[in-house]
Amino acid sequence: MRAMSGRQIARFFQLNPDLAEVYAGDEFWERRAIAARYLSQQRLLQMLDDPDEVVRRVLAYRIPIDRLEPLISDPDREVRITVADRLPLELLEKMVLDEDYMVRHTVAKRLIPGRLFRMILDSDREVRKTVAMRLPLESIGLMINDTAAEVRLVVAERIDVEAVSPLLTDPDWRVRLIACQRAPYELLPQMLEDEDEDVRLVAKTRITNQQE
């Protein structure tokens, strides 16, 4: 086969899947990558050190999940994202410090909740937001002072009502609003003087309803 077009190569292997083995070591990366779609998993394991990232992306998607560990530190972010999405949960913690935020975000969505505390100080806001959504309730207070209001909003929605008090003075009115909606009744009078009209209205409405 001399085809250089991806479409031509794909067509060739669709018609001749049994020839994929012949091209597994081809000098042209695209022929190797497309051939890899048709190779046995055992043959794919012999290609883990392929120099082209597109080939390794196919491997990350196709090889057995219990053989993915060598690709945890692959230099290509797309490979690592796929690995993070498929890796057995007991190995996933090895990727919590990955340099790429999308890899860590994928990890945060899958990691066992009880192990997420390792990611509460992640440098990326979206990663921390996902952590806040999944962290066990007994640990959510660890994120009450997060630097991002979007993360503190999640904390305000999930934290136990008896622990919501610090969020009533949060610098972001949206966080205070959620906290005011959930706070114990005895904490509401102080919110009648809040600088935000919506927060004051929630406090007033809840107090009125309680007195009726």
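Considering region 105-144 alone, what residues qualify as being within 21 Å of GLU90 (Cα to Cα) and not in a helix (DSSP H, G or I)?
Selection gives LEU111, ILE112, ILE120, ASP122, LEU135, PRO136.
Is it the case, given these coordinates, that ASP52 is surrounded by 13 or more Cβ atoms within 10 Å (Cβ to Cβ) and either under 26 Å from the mean Cα position of the chain (by Cα) or of a type outside the set (A, V, I, L, M) (or both)?
In short, yes.
So which residues in region 10-36 are part of a helix (DSSP H, G or I) and more than 34 Å from the chain's Cα centre (by Cα)? Show your work before the answer.
Start the filter on region 10-36 by keeping residues that are part of a helix (DSSP H, G or I), which leaves 10-15, 17-23, 29-35.
Within region 10-36, ARG11, PHE12, PHE13, GLN14, LEU15, PRO17, ASP18, LEU19, ALA20, GLU21, VAL22, TYR23 meet the criteria.
What are the residue pairs meeting all of these: first residue in region 122-140, first residue over 13 Å from ILE159 (Cα atoms), second residue small (Gly, Ala, Ser) and surrounded by 17 or more Cβ atoms within 10 Å (Cβ to Cβ), Cβ atoms under 8 Å, and 6 or more apart or on different chains?
ASP122/ALA108; VAL127/ALA108; THR130/ALA108; VAL131/ALA108
Is it the case that region 201-212 has a residue that's charged (D, E, K, R) and surrounded by fewer than 16 Cβ atoms within 10 Å (Cβ to Cβ)? Don't jump to the end; show me each part of the working.
Applying the first criterion (charged (D, E, K, R)) to region 201-212 yields 204, 206, 212.
Cutting the leftovers down to surrounded by fewer than 16 Cβ atoms within 10 Å (Cβ to Cβ) gives us 204, 212.
Among the residues of region 201-212, at least one is charged (D, E, K, R) and surrounded by fewer than 16 Cβ atoms within 10 Å (Cβ to Cβ), which makes the answer yes.
Let me confirm something: among LEU39, LEU59, LEU44, which residue is crowded, with 16+ Cβ neighbours inside 10 Å, among the aliphatic types (A, V, I, L, M) and not in a helix (DSSP H, G or I)?
The conditions single out LEU39.
Could you list, in sequence order, all residues of region 192-212 that are part of a helix (DSSP H, G or I) and under 22 Å from VAL151 (Cβ atoms)?
ASP198, VAL199, VAL202 - these are the residues of region 192-212 that are part of a helix (DSSP H, G or I) and under 22 Å from VAL151 (Cβ atoms).
Inside region 145-163, can you point out the residues that are surrounded by fewer than 23 Cβ atoms within 10 Å (Cβ to Cβ) and either outside any helix (DSSP H, G or I) or within 21 Å of the chain's Cα centre (by Cα) (or both)?
Initial filter on region 145-163 (surrounded by fewer than 23 Cβ atoms within 10 Å (Cβ to Cβ)): 145-150, 153, 157-158, 160-163.
Within region 145-163, ASN145, ASP146, THR147, ALA148, ALA149, GLU150, LEU153, GLU157, ARG158, ASP160 meet the criteria.
Where a number appears in this text, it was derived from the coordinates with a stated rule and is not lab data. Computed from a predicted model, the values in this text were never measured in an experiment. Reconstructed Cβ throughout: ideal geometry from the backbone, glycine too, with neighbour counts over all protein chains shown.
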